[in-house]
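The values are calculated or read from the model by the stated rules, or taken from the named source; none is laboratory data. In this text, all values refer to a predicted model and were calculated from it rather than measured experimentally. Reconstructed Cβ throughout: ideal geometry from the backbone, glycine too, with neighbour counts over all protein chains shown. These accessible areas exclude ligands, DNA and RNA; they are computed on the full protein's heavy atoms, side chains included. Shrake-Rupley method; radii C 1.70, N 1.55, O 1.52, S 1.80 Å.
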Amino acid sequence: TWQRQGFVSKSLEDLAEEDKKVLVAEMNKISVERVESIYTRCTTISEEAAAEFEPLSTVLKVDSPEKYLAWERAGLEQIQKGKVAVVLLAGGQGSRLGYNHPKGMFDFGLPSHKSLFQIQAERIQNLQQRAGKGTDTQVQIPWYIMTSDATHDETVEFFSQKNFFGLEKSNVRFFNQNKLPATDPTGQILLAAPSKIFQAPDGNGGVYAALLGSGNISDMEERGIETIFMYGVDNALVRVADPVFIGSFLESKTSCGAKSVPKAYPEERVGILCKKNGIVQVIEYSEISEEMANERTEDGSLKYNTGNIVTHIFTLNCLRDVCNRAEEMPYHLAKKQVTMYNPDTKSYDVGWAYKYEQFVFDAFQLVSDVFALEVVRAEEFTAIKNKEGKDSPNSALNDVSNYHRSLLEKAGATVTGPGLVEISPLISYAGENLQFVSGKSFNPPVLI
C-alpha cells in the first residue's frame with residue numbers, strides 16, 4: 001500500500017540504512033488506508049440533499065435567581081461526590097498573538113499577571129473548597145489537559161514550576177493529541193525531511209481518540225466520574241466545571257450539551273448550534289444564509305441564536321461512546337502552503353499541503369439529543385485569538401475588567417475612575433462571597 005505513495009517510496013530507495021530505519025519506524029505507525037480514506041472523504045463532493053435547518057429543541061436559561069441557586073446547588077453536590085471531571089483543549093500555541101509558547105501560559109495583562117492556566121486552576125480550587133465545605137472529604141476535580149507535540153513539554157514544565165497552582169499533582173493529567181500525515185492535492189503523503197513524514201495535529205476534535213488512547217477514559221471510570229466538562233483554553237472568562245451548567249445538564253436529562261451565547265447582531269460570524277436534517281451540528285457562519293441569520297420567532301427573538309463557545313458537557317457513557325466512534329466524525333480539510341522535501345529533486349519546495357482535522361463539536365452528530373444552556377456573553381465568554389482588535393488580549397482584558405467591576409458594584413462597592421479591576425477566582429468564582437466590599441470605595445487598578 002505504501003507503493004502507491006510516490007514521495008515516501010522514492011525517498012526510502014535513496015536513504016542510507018540508518019535513515020531508512022527511522023522512516024520505516026514512522027511508516028509502521030501510520031495506516032496508509034486510513035489516510036487515503038480521509039483524503040477521499042474530504043475531496044469527494046457528494047450530492048447533498050437540500051438542507052433542512054431547525055433550532056435545538058432544548059435551550060435552557062437562568063431566568064431567575066432561584067433557578068440559578070438550585071442548579072448551582074445540584075452541581076456542587078455532584079462535585080462534592082467526586083463525580084465531575086474537566087477536559088481542557090490546550091494543544092494550540094499563541095503564534096497568532098506573536099507568542100510562540102502554549103496559549104495557556106499567556107499573560108494577557110491583568111494586574112496580577114496571571115496566565116490563563118493559573119486562572120483556570122484557581123477556579124477549580126475554588127470549587128473544590130466550596131463543594132467540600134462542611135464535610136470532612138477532600139473534594140477533587142480531576143483535570144485532563146490535552147496538549148500537542150508543539151506544547152506538551154513546555155506545558156508540563158510550566159505546571160511543575162508553578163507547583164500545579166496548588167492542585168494535587170495526581171489529579172492533573174496531561175495527554176497528547178494525535179497527528180495525521182499531510183498530503184499534496186492529489187493525496188500523496190508529504191515528507192518534512194528525507195526520513196520524516198510531514199504530520200500535523202488532527203484538530204481539537206482529536207480529543208476523543210486521544211482520551212481513549214491515553215487511558216484517560218479508563219481513569220475516569222476508575223474514579224467514578226459521571227459528568228465531564230470540556231472547554232477550550234482561550235476563553236478568559238470560562239467558568240471551569242461550572243456548577244450551574246452541571247445542574248442544568250442533570251435537569252435536561254440529555255447525554256451531552258453545550259453553553260451558547262446569543263449573537264451580538266444577526267450577521268455575527270459565529271458558529272450556530274442547530275439541527276441540520278435532524279442531526280445536531282454547529283453550522284459555520286459561511287453556511288448560514290442572510291435570511292436564516294435574520295429569521296425571528298413569534299416573540300421577536302432570533303430563531304438561530306445559539307452561538308457556540310466551545311464549552312461542552314457529557315455523561316461518561318456518552319463520552320465513551322463518542323470516543324469509540326470518533327472515526328465516524330467528519331474530517332475537515334485545511335489547505336496550507338508549507339515547506340516540504342521533494343525526493344525527486346532532493347531539495348525543499350514550497351507547495352500546497354492538505355491537512356486533515358476533526359472539530360470537537362462534531363461529536364454532537366453522533367448523539368441523539370443535545371441541550372444548550374444560554375449564558376450571558378459579558379459574564380462568560382471573551383476569546384483570545386488575534387494579536388489586536390476583536391478577540392485579542394486587549395479586548396479580553398477590557399471584558400474581564402468590566403465584568404469584575406460590575407461584580408464589585410453589585411456587591412455594594414463604589415469603583416471610581418477608569419483602570420483595570422480584577423477579582424481572584426480564589427476569592428470569588430462568579431460574584432459570590434464579596435459581602436466584605438460593601439460600602440467600600442476603590443480606585444483602579446484594583447486587585448482583590
Fill in: Tyr68 accessible area, assembled protein chains, probe 1.4 Å, Å²
60 Å²
Practice prompt. Nearest 5 is fine: what % of DSSP beta bridges in the chain come out antiparallel, could you say?
Written response: 60 percent
Fill in: the chain - percent relative contact order, Cα under 8 Å, separation 6 or more
21 percent
Practice prompt. For region 171-250 and region 267-293, write down the distance between their C-alpha centroids in whole Å.
Written response: 24 Å
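Could you tell me what % of all Cα pairs in region 68-131 have separations over 13 Å?
71 percent
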Discussion item. Can you give the FRET efficiency to the nearest 0.05 for Ser31 and Asp107, using r as the Cβ-Cβ distance and R₀ = 51 Å?
Written reply: 0.80
Worksheet item: Which percent of the accessible heavy-atom area of region 60-121 goes to carbon and sulfur, probe 1.4 angstrom?
Response: 49 percent
Worksheet item: Taking only Cα atoms, what is the 0 to 90° angle, nearest 10, from helix 65-80's long axis to the longest principal axis of the chain?
Response: 60 degrees
Practice prompt. Loop only per DSSP, at most 15 neighbouring Cβ atoms within 10 Å: give me the trypsin sites (Lys or Arg not before Pro) in region 59-144, ordered by residue number.
Written response: Lys81, Lys133
Worksheet item: Stretch Glu328-Ser406 to full length: gain in nm at 0.36 nm per residue minus the Cα-Cα span?
Response: 23.6 nm
Fill in: Accessible heavy-atom area order of Val350, Val421, Val310, highest first, probe of 1.4 Å
Val350, Val310, Val421
Worksheet item: What percent antiparallel are the DSSP beta bridges of region 85-228, to the nearest 5?
Response: 45 percent
Response to the item:
Out of Ile141, Ile272, Ile288, a Gaussian network model of the chain with alpha-carbon springs under 10 Å gives the largest mean-square fluctuation to Ile288
Worksheet item: Restricting attention to region 307-401, which chymotrypsin sites (Phe, Trp or Tyr not before Pro) occupy a DSSP loop and are surrounded by at most 15 other Cβ atoms within 10 Å?
Response: none
Response to the item:
The correct ranking of Asp369, Asp14 by accessible area at 1.4 Å, largest first, is Asp14, Asp369
Worksheet item: Once the piece of chain linking Thr339 and Gln161 is laid out straight, how much longer is it, given 0.36 nm per residue of separation minus the C-alpha distance between them?
Response: 60.6 nm
Discussion item. Please list, by residue number, everything in region 405-434 whose backbone N is under 14 Å from a paramagnetic label point 7 Å out along Cα→Cβ of Asn443.
Written reply: 415-420
Response to the item:
Under a Gaussian network model of the chain whose springs join Cα atoms within less than 10 Å, the largest fluctuation of Gly206, Gly166, Gly104 belongs to Gly166
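Determine how many Å³ per residue the convex hull of the Cα atoms of region 216-341 encloses.
Taking the convex hull of the Cα positions in region 216-341, it is 198 Å³ per residue.
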Worksheet, complete the sentence: So for R0 = 22 Å, FRET eff. of Glu66-Glu379 from the Cβ-Cβ r, to 0.05, ends up at 0.75
Worksheet, complete the sentence: Taking placed amide H atoms and a strict 5 Å upper bound, the residues 5 or more places from Thr311 or on another chain that come that close are Lys259
Item to complete: Could you state how much accessible area Leu180 has, in square angstrom rounded to the nearest 10, with a 1.4 Å probe and all protein chains kept in place?
Response: 10 Å²
Item to complete: Grab the other residues whose beta carbon is less than 13 angstrom from that of Tyr403, score K and R as +1, D and E as -1, and report the net.
Response: -1
Item to complete: Give me the angle, in degrees from 0 to 90, between the Cα long axis of helix 152-161 and the longest principal axis of the Cα atoms of the chain, rounded to the nearest 10.
Response: 40 degrees
Response to the item:
For region 187-242, the per residue accessible area (1.4 Å probe, Å²) is 26 Å²
Worksheet item: Using a cut-off of 22 Å between alpha-carbon atoms, which lysines can reach Lys10, once sequence neighbours fewer than 8 places away in the same chain are excluded?
Response: Lys20, Lys21, Lys29, Lys196, Lys346, Lys355
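Would you list Lys196, Lys259, Lys410 from the most to the least accessible area, probe 1.4 Å?
Result of the area sort, largest leading: Lys410, Lys196, Lys259.
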Fill in: Asp19 versus Lys169: modelled label distance in nm, points set 7 Å from Cα along the beta carbon direction
4.1 nm
Worksheet item: When all protein chains stay in place, what accessible area (Å², nearest 10, 1.4 Å probe) is found for Ile427?
Response: 60 Å²
